[in-house]
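To start, the structure under review is shown below, and the notes come after it.
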Amino acid sequence: MNIVVLLKQTPDTESVIRIAPDGQSIVTQDLKWIINPYDEFAVEAALRLKEKHGGTVTIVSWGPQRVVESIRTALAMGADKGVLLDDDTLDGGDSLGVARALAAVVQALQPDIVLCGSRAVDYDLAQRGPMVAELLGWPHLGLAVSLDSDGSSVTIERPIEGGKVTMHASLPALVTMGGSHAVWNPRYASLPGIMKAKKKPLEMKKLGDYGLSAEECGAPAAKIRMVSLEMPPERKPGRIIDDGLDTEGKAAALVKALHEEAKVI
Amino acid sequence: MADCVVSVAEFRAGNFRRVSFEVASEARKVADALNVPLYGIAVGAGVGDKAKELGWYGVDKVFVADDPALEHYVPELYVPVIASIIERWNPAAVLLPASVDGKDLSARLAARLQTGLAQDCIQVVCDGGAVKAKRPIFAGKCLAWCEWAQGALPMISCRPNVMDCKDADATRQADVEKVAVDLPEARSKVLGVELDTTGKVELTEAEIIVSGGRGMKAAENFVILEQLAKELGAAVGASRAAVDAGWRPHSDQVGQTGKVVNPNLYIAVGISGAIQHLAGMGSSKYIVAVNKDPEAPIFTKADYGIVEDLFKFIPAFTEEVRKLKSTC
Ligand SMILES: Cc1cc2nc3c(=O)[nH]c(=O)nc-3n(C[C@H](O)[C@H](O)[C@H](O)COP(=O)(O)OP(=O)(O)OC[C@H]3O[C@@H](n4cnc5c(N)ncnc54)[C@H](O)[C@@H]3O)c2cc1C
Ligand SMILES: Cc1cc2nc3c(=O)[nH]c(=O)nc-3n(C[C@H](O)[C@H](O)[C@H](O)COP(=O)(O)OP(=O)(O)OC[C@H]3O[C@@H](n4cnc5c(N)ncnc54)[C@H](O)[C@@H]3O)c2cc1C
C-alpha cells in the first residue's frame, strides 16, 4: 500500500504566543517546533497500515528547512521517505492555496491513501485535508478515532456530538485524524530508527516542479487573510474561598457565590 | 451586487441542532446590516417538515434538499448539493455551524466554491459593507481578525454556544422551496450511527461541565463527579492525564488535543491547569478550581478557588447543591 502522510510542523503546545510588531503575525524566533500532534497520529496510523499491508509511507510537508527535523523524526518512527516542498513563494497563501500545492504533490505520488491531521494546533483551521480531497476528487473521511483497511477500502469511526459514526470509502481516499494521544499512542523513534532515518531519501521540491506558481497557490491567490491579531481579554482575578471555614462551610459559600453572584446555578 | 446572505443548518435524527439557530440568528444580523434577505439551506432526510423552524430565527426563505440518501452527513454528497444551491445566488456571506460535521463540510465546500473559509469564528462584523470575522488561533492564546479579498465569497463557520441565539418567533413565516436533489456518484458512505441515548450532555454544548484530572486517582472515583454533574445537569469532562490513564474515554478530553468548550460554568477538580488544558476551557464564563495544592496554576484562571482535598470537598459540595435545588 502506497501511503502518504501530510505533516505540518507547529510550535510546541507549551509555547508562549506573542504578537509581532506588525500586528499581523506572531513572534517565531524563540519557538520550539514539533510535529503537529494530529499528524503524529497520522504517522502512527500509516505505520500500522504498512505493517499490515506492506508498502511505503511517504511524508509530505510544505515549510522551510527547519521542517527537515520533523520529517526525520517521522522517518525515524518508521516512515520510508520524505518530500519537503520548501518554497517560500507559498508564504501568504491561504488554506486553499496550500491545499492546491499539497494536492499536486500527492497526485505525483499516486498513493492509495492519504492521512493527515484533522487540524493543526497552531492556526487550527481544520481545512487542508477536506480541501485536498475535494481538489483530487477523492472521498474523505474525517476525524478518525479508528482506522481499518482491507487494501482496497478504508473504514473509520468518527465521534460526533453525542454519538459515533462508522464510515467507509473505497480507495484512493483521504482520512483526517481525530482522537487523542490515548487513542493512537504514537510510537517513539528508536535509536536504530534514528540512525536509519539519516539515510532515508528526503527530496526538496519547488512549486515549479509540479507546474505550479505563486499565482495559483501563494499570496496573489489568497481569498482570505489575517488583517490583525489581538490577545484575548485577561480574566478578572478570582478569589480563594476560605475565610477560615471548614469543608462544609466552603461548600455552602461556593454554592452561594455561584447562585447569587455568578448566577450560573 | 450581493443579493443575499446564506445560513446553512445542521439536521440530525429528525431535528435541527441548536447551533443551526445560532448561525441563523447571527446571519440575520449580517443580512440586516447589508440590507439583503437571508436564505437558509436545510439538507437531510425528512428535513422538509421542519424547515419552517428556521424562519423563527430570522431566515426569509429556506431551500430544502430532502432525500433519504441524505440521512447522514457524507461529504461527497452534501458538498455538491449545498454548493449547487449557493451557486444560484451571489451571497455576501455564507455562515455555517462549526460543529463536528459543520467544520468538515465547510472546509470541503470552500474548496468546491474556490473561496476562503474562516473556521470556528466567535464574532462576525460588517464594517462598511465588508464582512470580517474573528477566530481563536493557537488554541485561544491569540485571536485573529480575517478579511476576504475583493470579490471572494466570505465563508464563516460559527463556534457553537458562542453567538447569541434569538428567541424563537413562531409567528415569523419563511418561504420554503424544495430543491430537486441531483445526487452525484459517491465512493464513501455511512455504515452505522450510534447515538447516545442515556441523555448524557455533550461537552461542547453543555452549560455546566465538571472535569476531573489525575487528582481523581482512579476510574471508579469519577462516580462522585457524576453525582455532582447529575445535580447540576452538567456534563463530565477530563484532563489528558485522566484519559491517558484509561479512566475516561478520549471523547471526554478537554484541551488543545481534545475538545474546546465554552460553558457558563467549568468546575476543574484535581486538575493542575497545564497550558494545553487551559486552551480548551479558558473561555468558560466562570471557572471553579478544586485542588489541594494552593500553588496549582489553575487557580490563576479560576473565579472561585477551593483549596481542599477533593474527596472531602466534592461530596459536601454536592450535598449543598442538592439543598439549593430542593429549595428552588
Ligand atoms: C494568524 C493567521 C491566521 C490565519 N487564518 C486563516 C484562516 O482563517 N483561513 C485561511 O484560509 N487561512 C488562514 N491563514 C493562512 C495560513 O497561512 C495558513 O492557511 C495556515 O498556516 C495553515 O493552516 P493550518 O496548518 O492550521 O491547517 P489545518 O487545515 O488545520 O491543517 C490540517 C492538516 O493539513 C495538513 N497540513 C497543513 N499544513 C500543511 C503543510 N504545510 N504541509 C503538509 N501538510 C499540511 C496537516 O496534515 C494538518 O494536520 C492564517 C494565517 C495567519 C498568519
Ligand atoms: C502535545 C500535547 C497535547 C496535550 N493536550 C492536552 C489536552 O488536550 N488536554 C489536557 O488536559 N492536557 C493535555 N496535555 C497534557 C498537559 O500538559 C498536562 O500533562 C495534563 O493536562 C495534566 O493533567 P492533570 O491536571 O489532570 O494532572 P496533573 O498535572 O498531575 O495535576 C493533578 C492535580 O491534582 C491535584 N490533586 C491531587 N490529589 C488531589 C486531591 N486529593 N484533592 C485535590 N486535588 C488533588 C494536584 O495538586 C494537581 O494539581 C497535552 C500535552 C502535550 C505535550
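The values are calculated or read from the model by the stated rules, or taken from the named source; none is laboratory data. Since the model is a prediction, treat every value here as computed from it, not as a measurement. With ideal geometry, Cβ positions are generated from the backbone for all residues, glycine too; neighbour counts draw on all protein chains shown.
Numbers below:
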| item | result |
| --- | --- |
| Criterion violated by B:C146 - all others in (1) more than 8 Å from chain A (Cβ to nearest Cβ); (2) buried (at least 17 other Cβ atoms within 10 Å of the Cβ); (3) not acidic (D, E) satisfied | (1) |
| Test result for B:V223, of a type in the set (A, V, I, L, M) and either part of a loop (DSSP other than H, G, I, E, B) or touching a residue at least 24 places away in the same chain (Cβ under 8 Å) (or both) | no |
| Filter pass, A:V4 being in contact with a strand residue (DSSP E or B) (Cβ under 6 Å, 6 or more places away or on another chain) and among the β-branched types (V, I, T) | yes |
| Where a residue in the stretch A:223-249 is outside any loop (DSSP other than H, G, I, E, B) and its partner, wherever it lies, is of a type in the set (F, W, Y), with Cβ under 6 Å and at least six apart | A:I224/B:W148; A:V227/B:W145; A:S228/B:W145; A:T247/B:F313 |
| Top-ranked residue of the stretch A:23-43 - restricted to ones that are without any contact (Cβ under 8 Å) to a residue 40 or more places away in the chain and over 11 Å from the mean Cα position of the chain (by Cα), ranked as surrounded by the fewest Cβ atoms within 10 Å (Cβ to Cβ) | A:Q29 |
| Search result, residues across the stretch B:32-56 that are farther than 17 Å from B:R12 by Cβ, touching a helix residue (DSSP H, G or I) at 6+ places or on another chain (Cβ under 7 Å) and not hydrophobic (A, V, I, L, M, F, W, C) | B:P37 |
| Filtered residues of the stretch A:1-29 (kept if out of contact with any Lys or Arg (no Cβ under 9 Å at 6 or more places or on another chain) and farther than 18 Å from A:G82 by Cα) | A:T13, A:R18, A:I19, A:A20, A:P21, A:D22, A:G23, A:S25, A:T28, A:Q29 |
| Pair list, Cβ < 8 Å and 6+ apart or interchain, from the stretch B:298-314 residues that are in the same structural domain as B:A279 (by TED's automatic domain parsing) to residues that are in a helix (DSSP H, G or I) and surrounded by fewer than 20 Cβ atoms within 10 Å (Cβ to Cβ) | B:Y304/A:A257; B:E308/A:T247; B:F311/B:N221; B:K312/A:T247; B:F313/A:T247 |
| Qualifying position, being surrounded by 18 or more Cβ atoms within 10 Å (Cβ to Cβ) and either more than 30 Å from A:L174 (Cα to Cα) or away from chain B (no Cβ under 14 Å) (or both), among A:A20, A:A46 | A:A46 |
| First in the stretch A:182-206 and over 20 Å from A:Y38 (Cα atoms), second anywhere and among the basic types (K, R), Cβ under 7 Å, 6 or more apart | A:A197/A:R72; A:K200/A:K81; A:P201/A:K81; A:L202/A:K81 |
| Members of the stretch B:223-252 found to be within 14 Å of ligand 2 (Cβ to nearest atom), within 9 Å of chain A (Cβ to nearest Cβ) and in contact with a Leu (Cβ under 9 Å, 6 or more places away or on another chain), listed by number | B:S251 |
| Residues of the stretch A:137-172 that turn out to be crowded, with 18+ Cβ neighbours inside 10 Å and either in a loop (DSSP other than H, G, I, E, B) or more than 7 Å from chain B (Cβ to nearest Cβ) (or both), as a count | 14 |
| Scan of the stretch A:250-265 for residues that are in a helix (DSSP H, G or I) and loosely packed, with under 15 Cβ neighbours inside 10 Å, ordered by number | A:K256, A:E260, A:E261 |
| Set A:G137, A:G117: member being touching a Gly at 6+ places or on another chain (Cβ under 8 Å) and either more than 16 Å from ligand 2 (Cβ to nearest atom) or in contact (Cβ under 8 Å) with a residue 40 or more places away in the chain (or both) | A:G117 |
| Matching residues, the stretch A:64-89, being in a loop (DSSP other than H, G, I, E, B), among the acidic types (D, E) and out of contact with any Phe, Trp or Tyr (no Cβ under 9 Å at 6 or more places or on another chain) | A:D80 |
| Any hit, the stretch A:49-63, residues being under 16 Å from the mean Cα position of the chain (by Cα) and either assigned to a helix (DSSP H, G or I) or at pLDDT below 95 (or both) | no |
| Odd one out for B:A279, checked against (1) of a type outside the set (V, I, T); (2) touching a strand residue (DSSP E or B) at 6+ places or on another chain (Cβ under 7 Å); (3) not in a loop (DSSP other than H, G, I, E, B) | (2) |
| Residue that is farthest from B:D244 (Cα to Cα), among those in the stretch B:203-220 that are crowded, with 17+ Cβ neighbours inside 10 Å and not hydrophobic (A, V, I, L, M, F, W, C) | B:E207 |
| Counted residues, the stretch B:298-322 - those being over 30 Å from the mean Cα position of the chain (by Cα) and within 8 Å of another protein chain (Cβ to nearest Cβ) | 7 |
| Among (1) over 27 Å from the mean Cα position of the chain (by Cα); (2) under 30 Å from A:A144 (Cα atoms), the one test that B:L278 misses | (1) |
| Meets criteria (away from ligand 1 (no atom under 14 Å from the Cβ) and either polar (S, T, N, Q) or not assigned by TED's automatic domain parsing to the domain that holds A:G208 (or both)) for A:Q65 | no |
| Output for the stretch B:315-328, where each listed residue is in contact (Cβ under 8 Å) with a residue 40 or more places away in the chain and either within 12 Å of ligand 2 (Cβ to nearest atom) or not hydrophobic (A, V, I, L, M, F, W, C) (or both) | B:P315, B:T318, B:R322, B:K325 |
| Test set (1) within 11 Å of ligand 1 (Cβ to nearest atom); (2) at pLDDT 95 or above - A:Q24 fails condition number | (2) |
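To keep it simple, each residue is scored yes or no on (1) modelled with pLDDT of 95 or more; (2) under 28 Å from B:D120 (Cβ atoms).
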{"site": "B:M216", "(1), (2)": "yes, no"}
{"site": "B:A238", "(1), (2)": "yes, yes"}
{"site": "B:A245", "(1), (2)": "yes, no"}
{"site": "B:G270", "(1), (2)": "yes, no"}
{"site": "B:S283", "(1), (2)": "no, yes"}
{"site": "B:Y286", "(1), (2)": "yes, yes"}
{"site": "B:V321", "(1), (2)": "yes, no"}
{"site": "B:C328", "(1), (2)": "no, no"}
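Residues checked against (1) under 26 Å from the mean Cα position of the chain (by Cα); (2) in contact (Cβ under 8 Å) with a residue 12 or more places away in the chain; (3) more than 8 Å from chain A (Cβ to nearest Cβ):
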{"site": "B:T257", "(1), (2), (3)": "yes, yes, no"}
{"site": "B:V261", "(1), (2), (3)": "yes, yes, yes"}
{"site": "B:V290", "(1), (2), (3)": "no, yes, yes"}
{"site": "B:A296", "(1), (2), (3)": "no, yes, yes"}
